Every structure is written in structure tokens, then in C-alpha cells.
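Notes to accompany the following structure.
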């Protein structure tokens with residue numbers, strides 16, 4: 001079971017790092033990226049599996065080599081949650097910055113301005129989740145070093 005926990009941990013590191021790097025690239029180029037979202041959701045699923053495996057190991061009496069391993073193991077869940085909250089708030093933040101009340105106000109704009117608003121919202125969402133992914137990748141790598149797995 002420990003070996004599976006290690007393999008899933010490496011997958012978490014790789015998936016979040018890949019998502020973060022792709023997201024940063026696409027954010028820089030101001031291009032939406034369906035692949036970023038697929039990688040990010042796969043990384044989040046792997047993180048869920050990793051946390052469950054860690055819980056099973058703890059319940060089975062396996063103690064982590066260092067108490068910080070638990071912190072670095074659980075903090076990514078909190079970071080992911082905060083990132084999702086920032087992503088959810090992205091649309092309203094962009095609308096507020098442009099003095100628009102809601103989606104209907106965006107619909108009243110000329111088509112080019114509508115596209116600009118949508119692109120700004122997508123870029124803000126991408127930026128928030130990219131930062132979260134990169135931070136989580138760093139935490140996962142640190143957890144691997146603390147446990148002695150890397």
C-alpha cells in the first residue's frame with residue numbers, strides 16, 4: 001500500500017506541475033486551454049486518491065516519517081479549495097471592474113466587447129487555478145522529500 005501511495009504521489013506531482021506549466025504558458029499567451037482544465041481535474045482526482053490512500057495508511061497504523069508530511073499532504077486540498085473559490089469569483093470581479101451588473105449587461109455590449117469580457121474572465125480563471133496548481137505541485141514535491149520517497 002505504501003508503494004501505491006508513493007506512485008500516486010508522483011502522479012500528483014507530475015499532473016499538477018504539467019497543469020501549472022501549461023496554464024502559465026496559455027495565460028501568458030492569453031489563450032483558453034481545454035487541456036489545462038483536463039490536466040487540472042485529473043490532478044485533483046489523483047490528489048483525492050492520494051489523500052484517501054494516506055488516510056487508509058494512517059488508519060492501518062502506518063505513521064508518517066515526519067509530522068510535516070501530513071501538513072504537506074493535506075494543505076494541497078485547502079489550496080485547491082481556495083483556488084476554486086477564486087475561480088468562481090473571477091466572473092464577478094471582471095464584471096465589477098468594467099462596471100457591468102451581470103451577464104445580461106454583457107449581452108448588451110457590442111460583440112467585440114463581449115468577447116473581450118469573456119476572454120478576461122477565462123484568463124482570470126486560468127490564472128487563479130494555474131497559481132494553485134503550481135503551489136500544489138511544490139507542496140507535493142516537498143511532501144515527497146520529507147517522506148524520503150524522493
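The values are calculated or read from the model by the stated rules, or taken from the named source; none is laboratory data. Keep in mind that this is a model prediction, so the values were computed, not measured. Backbone-built Cβ (ideal geometry, glycine too); neighbour counts: all protein chains shown.
Going through 94, 106 one at a time, which residue ends up being surrounded by 11 or more Cβ atoms within 10 Å (Cβ to Cβ), touching a helix residue (DSSP H, G or I) at 6+ places or on another chain (Cβ under 6 Å), at pLDDT below 90 and assigned to a helix (DSSP H, G or I)?
Numbers: 94 fails: at pLDDT below 90.
Matching residue, one of 94, 106: 106.
In the condition set (1) in a helix (DSSP H, G or I); (2) within 22 Å of residue 124 (Cβ to Cβ); (3) in contact with a helix residue (DSSP H, G or I) (Cβ under 7 Å, 6 or more places away or on another chain), residue 9 is compliant with all but (2). Taking segment 52-65 as the range and being assigned to a loop (DSSP other than H, G, I, E, B) and exposed (fewer than 14 other Cβ atoms within 10 Å of the Cβ) as the test, the residues that pass are 60, 61, 62, 63, 65. Looking across segment 110-121, just one residue is within 20 Å of the chain's Cα centre (by Cα) and more than 14 Å from residue 92 (Cβ to Cβ), and that is 119. Scanning segment 50-66 for residues that are without any contact (Cβ under 8 Å) to a residue 60 or more places away in the chain, more than 19 Å from residue 137 (Cα to Cα) and under 26 Å from the mean Cα position of the chain (by Cα) returns 55, 56, 57, 58.
Would you call residue 143 within 21 Å of residue 4 (Cβ to Cβ), surrounded by 14 or more Cβ atoms within 10 Å (Cβ to Cβ), free of Cβ contacts under 8 Å to residues at least 60 places away in the same chain and in contact with a helix residue (DSSP H, G or I) (Cβ under 6 Å, 6 or more places away or on another chain)? No: the conditions fail for residue 143.
Taken as a whole, the condition of being within 15 Å of residue 143 (Cβ to Cβ) and under 13 Å from the mean Cα position of the chain (by Cα) applies to residue 43.
A search for C-beta distances below 9 Å between a residue of segment 117-131 that is more than 13 Å from residue 33 (Cα to Cα) and any residue that is modelled with pLDDT under 95 and not in a helix (DSSP H, G or I), counting only pairs 6+ apart in sequence or on different chains, returns 117/98; 117/100; 117/109; 120/98. Might you let me know whether segment 4-23 holds any residue that is farther than 24 Å from residue 119 by Cα, exposed (fewer than 15 other Cβ atoms within 10 Å of the Cβ), over 12 Å from the mean Cα position of the chain (by Cα) and without any contact (Cβ under 8 Å) to a residue 24 or more places away in the chain? Yes; the residues of segment 4-23 include at least one that is farther than 24 Å from residue 119 by Cα, exposed (fewer than 15 other Cβ atoms within 10 Å of the Cβ), over 12 Å from the mean Cα position of the chain (by Cα) and without any contact (Cβ under 8 Å) to a residue 24 or more places away in the chain. Is it the case, given these coordinates, that residue 134 is exposed (fewer than 15 other Cβ atoms within 10 Å of the Cβ), touching a residue at least 40 places away in the same chain (Cβ under 8 Å), closer than 19 Å to residue 28 by Cα and under 25 Å from the mean Cα position of the chain (by Cα)? Judged against the criteria, residue 134 is not a match.
Six or more apart or on different chains, Cβ under 7 Å: which pairs go from a residue in segment 70-95 that's closer than 27 Å to residue 141 by Cα to one that's outside any helix (DSSP H, G or I) and at pLDDT below 95? Could you list them? Once the first residue is closer than 27 Å to residue 141 by Cα and sits in segment 70-95, its partners that are outside any helix (DSSP H, G or I) and at pLDDT below 95 give 70/64.
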